[in-house]
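For reference, the structure discussed in these notes is given below.
The values are calculated or read from the model by the stated rules, or taken from the named source; none is laboratory data. Computed from a prediction, not measured in an experiment: that's the story for all the values here. Ideal geometry is used to build each Cβ from the backbone, glycine not excepted, and the neighbour counts take in all protein chains shown.
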Amino acid sequence: MTRQSLLSVQNLTMRFGGLTAIDDLSLEVPQRAITGIIGPNGAGKTTFFNCLTGFYKPTSGSVVMHHPVRGPVRLADLPSHKVARVAQVVRTFQNIRLFANMTVLENLVVAQHNVLQKASAFSLAGLLRLPSYRKAADQALERALSWLTRLKLMEFVNHPAGALPYGTQRRVEIARALCVNPILLCLDEPAAGLNPKESAELNELLLYLCREEAVSILLIEHDMSVVMNVSDHICVLNYGRKIAEGAPADIRVNPHVVKAYLGEDDLEDDMAAAGV
């Protein structure tokens, strides 16, 4: 089944002085699908995410979000703080960035600060507890509790985020990102540090978000048990260039991928260990 494109990347290039981190990358990210971005360390995967989410302005090329309400949105034209608000492109990071001393619930509410700040008229309405601010605050709380319920995290609602098991913190981080109402959720190595049981639970979560909640997902991941089992489509980078693209079954046996990323001798062992 051919899916409509949600994100169009055309001839994207990102240079840092004499280093080319992304080299003429073109890619279509489909709606309501999980797209995996894989490649060896230094392939340009995180740089690609940074270009999508406003941390870097590309040297050349274009990234266009086909927003279902606003129409085409050129991400490079947006200030970084508006990428999530206007284009609804939201990301997580390789390293967990929860507020460790806040409760799980507080982490999810504070993620909605853009909406709350606007409703507070930059603190005045908040200080006076005007009805417009109270309504926005109630909605933020309701949204946070809703995602905690759907992601089966309600038992941790009042726990300090930093005291939770690592795998649970990963789920909380994803729940926090979902509170911003993303159309495209960019996950940067969400399985990093997870044990096999937690990785399997992550697989179920990602498939649930895509299939049941209609969240399109762009996934950077080294864990092949995650990538191969959940991705509808995979793009492989090496030295900033796209070397392969296609369905997981095709990528698994692509000789360029085997050579550049998995290692010719290690492919069977890696796939067997991943259970794919």
Scan the range 33-55 for residues that are farther than 30 Å from V258 by Cβ and in contact (Cβ under 8 Å) with a residue 40 or more places away in the chain and jot them down. T53
Of the conditions (1) modelled with pLDDT of 95 or more; (2) closer than 24 Å to L148 by Cα; (3) surrounded by fewer than 21 Cβ atoms within 10 Å (Cβ to Cβ), K197 clears all except one; give me its number. (1)
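Based on this model, can you work out whether L206 counts as modelled with pLDDT of 95 or more, in contact with a Pro (Cβ under 9 Å, 6 or more places away or on another chain) and among the hydrophobic types (A, V, I, L, M, F, W, C)?
Details: modelled with pLDDT of 95 or more: yes; in contact with a Pro (Cβ under 9 Å, 6 or more places away or on another chain): yes; among the hydrophobic types (A, V, I, L, M, F, W, C): yes.
Against the criterion (modelled with pLDDT of 95 or more, in contact with a Pro (Cβ under 9 Å, 6 or more places away or on another chain) and among the hydrophobic types (A, V, I, L, M, F, W, C)), L206 qualifies.
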Filtering the range 38-63 for residues that are surrounded by 17 or more Cβ atoms within 10 Å (Cβ to Cβ) and outside any helix (DSSP H, G or I) leaves a count of 10
Does the range 64-86 hold any residues that are surrounded by 11 or more Cβ atoms within 10 Å (Cβ to Cβ) and either among the hydroxyl-bearing types (S, T, Y) or at positive phi (or both), and which are they? S80
Filter result for the condition that a residue is in the same structural domain as L12 (by TED's automatic domain parsing), in a helix (DSSP H, G or I) and surrounded by 18 or more Cβ atoms within 10 Å (Cβ to Cβ), over L237, L218, L187, L206: L206
Qualifying residues in the range 156-183 (those that are touching a Phe, Trp or Tyr at 6+ places or on another chain (Cβ under 9 Å) and part of a loop (DSSP other than H, G, I, E, B)) - the one nearest to V89 (Cα to Cα): C179
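Sort through P72, P79, P160 and tell me the only one that's assigned by TED's automatic domain parsing to the domain that holds R32 and modelled with pLDDT of 95 or more.
On the way: P79 fails: modelled with pLDDT of 95 or more; P160 fails: assigned by TED's automatic domain parsing to the domain that holds R32.
Just one listed residue meets the conditions, P72.
For the range 225-234, check the following and say yes or no: at least one residue is in a strand (DSSP E or B) and in contact with a helix residue (DSSP H, G or I) (Cβ under 8 Å, 6 or more places away or on another chain).
Within the range 225-234, the first condition is being in a strand (DSSP E or B), and the residues that meet it are 233-234.
Subset that is in contact with a helix residue (DSSP H, G or I) (Cβ under 8 Å, 6 or more places away or on another chain): 234.
Yes, the range 225-234 has at least one match.
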